Amino acid sequence: MRVVFVGTPDFSVPVLDALVAAGHEIAAVYCQPPRPAGRGKKDRPTPVHARAVALGLAVRHPVSLKGAEEQAEFAALNADVAVVVAYGLILPQAVLDAPRRGCLNIHASLLPRWRGAAPIHRAIMAGDAETGVCIMQMEAGLDTGPVLLREATDITPQDTTARLHDRLSAMGARLIVQALDRLDTLTPEPQPDAGVTYARKIDKAEAAIDWTRPAQEIDRQIRGLSPFPGAWTTAGDTRIKLLMSELTEGQGAPGTLLDDDITVACGTGALRLHTLQRAGKAAQDAETFLRGMALPRGTVLGES
C-alpha cells in the first residue's frame, strides 16, 4: 500500500520500521518540527525525523495541518492510507478524509479506557491489571473511532512506563502490519459508551511523593512516572528521583528509612527503593547509590 506515516517520538519508530520491512510504499513521513534541545539548545530532529532520514524517506514537519496549503500537499500524496501513532497534533477533517482508505491510529490502551495523551503512565498509576494496543479508524473525536484490532498484555509489578512503552510499541508495529494486510476483511467495532476514561497529560506536580499515602499507590506512582518526569523525594537538601521500587513488609513513621537498604515506611506498608538518581548523575541501583550518598536507617525522606 501507499502509506503516509504520521508520528513523532521514539514510540513511533518501530512502527515506521515495520511498515518499511513489510514492503509498503512510504509516500511521506510527517512529524513535529525540530525543537531546541540539549545544553546548546540547538534544534534537534525528532526520533521519527531522524529515522526517516536514515531510511531515505521524504520528511515533512509543518507546525500545523490546519492551513489549506498543508492540507492540499497532504492530499496530493494520493495515499491509500495514513498510519498515525503519537503524532502530537490534531488532524483536521480534511486530512482524515484525504487517504483513500482513511487514517488508522495505533493507540496504546484498550479503548475506550485511557483515551488521550498519557495512556501508558495512567494505566500503571491507576493499578490496571492489563493494557494493550488498539488499531483504530480515526474520526474527529479524541480517540473515539471504531477499533479494527486489539491485543492485551498484563501489567506486572516490574513494569515501568519505559518497559511498557517498549512492549506496546513493538506490539503496535506488529498489529498495524496485520491490519493493513487484512484491511478488506476486518470489521470495525464501535467503542462502547461504558468504561470511557481520559489519560490527561502528565503534570510535573504529580511527581512529588507524599509518603503518607499507601505503599501500593506510591509504588505505582514511581513506576508510572519512570523515567519521565520521575517521581521524586528529598533527603535533607538533596532532591532524588525514584525510578524503580517494590512493595515489601514494614511499618513506621511515613518517609522513615527502616533499614540500611533504603526500605521506606509509607502511610500503610513499605517500599524498597531499587533505582535512584541525583541531579546531574546517572540512574543507579540502590547499592551503587548508597556508595555515593549515605542514607542510614532512621533518615526521614521528604522532610522540608
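The angle separating the long axis of helix 215-224 from the principal Cα axis of greatest extent in the chain is about 40 degrees. The Cα atoms of the chain define a convex hull whose projected area, averaged across directions, is 17.3 nm². For segment 70-154, the orientation-averaged shadow of the C-alpha convex hull comes to 5.4 nm² (one quarter of the hull surface).
Is the shape of segment 204-304 rounded, prolate or oblate, going by the alpha carbon gyration tensor and its root eigenvalues a ≥ b ≥ c, with a/c under 1.5 for rounded and a/b larger than b/c for prolate? Rounded, because the longest to shortest axis ratio a/c is under 1.5. One Cα centroid belongs to segment 141-173, the other to segment 2-30; the line between them spans 18 Å. Relative to the longest principal axis of the Cα atoms of the chain, helix 161-181 runs at roughly 20 degrees.
Treating each Cα of segment 1-47 as an identical point scatterer and summing with the Debye formula, the log10 of I(q)/I(0) at q = 0.16, 0.28, 0.30 Å⁻¹ comes to -0.50, -1.00, -1.08.
Computed from phi, the 3J(HN,Hα) profile of segment 46-52 under the Karplus parametrisation 6.51, -1.76, 1.60 (θ = phi - 60°) reads 5, x, 5, 4, 4, 5, 5 Hz, with x in place of Gly and Pro. For segment 148-239, the Cα-based Rg and Dmax, in that order, read 18.2, 62 Å. Based on the reciprocal of the average 1/r between different C-alpha atoms, the Kirkwood radius for segment 14-124 equals 15.5 Å.
For the chain, modelled as a GNM whose springs connect Cα atoms under 10 angstrom apart, the maximal fluctuation among Gly280, Gly224, Gly172 occurs at Gly280.
A straight Cα-to-Cα reach below 18 Å connects Lys241 with the lysines Lys204, Lys281, residues fewer than 8 places away in its own chain not being considered.
Taking the alpha carbon gyration tensor of segment 170-218, multiplying each eigenvalue by 5 and rooting it gives semi-axes of 38, 16, 11 Å, largest first.
Share of Cα-Cα pairs in segment 110-158 beyond 15 Å, in percent?
Values: 513 of 1176 pairs.
The share of Cα pairs beyond 15 Å in segment 110-158 comes to 44 percent.
Using Cα pairs closer than 8 Å and at least 6 residues apart in sequence, work out the relative contact order for segment 57-216, in percent. Numbers along the way, then the final one.
On the way: 235 pairs, mean separation 34.7, N = 160.
With pairs under 8 Å counted, the relative contact order is 22 percent.
Dividing the helix sum by the residues of the chain, where each DSSP H run of 4 or more adds -39500 (n - 2.57), gives a mean residue ellipticity at 222 nm of -7000 deg cm²/dmol.
Measure out, as a whole number of angstrom, how far apart the alpha-carbon centroids of segment 256-294 and segment 186-231 sit. One Cα centre to the other: 22 Å. Comparing Thr263, Thr197, Thr185 in a Gaussian network model of the chain, where Cα atoms under 10 Å apart are tied by springs, the biggest mean-square fluctuation is seen for Thr185.
We did not get these values from a lab; they are worked out from the coordinates using the rules stated. Everything numeric here is computed off the predicted structure, so don't read it as measured data.
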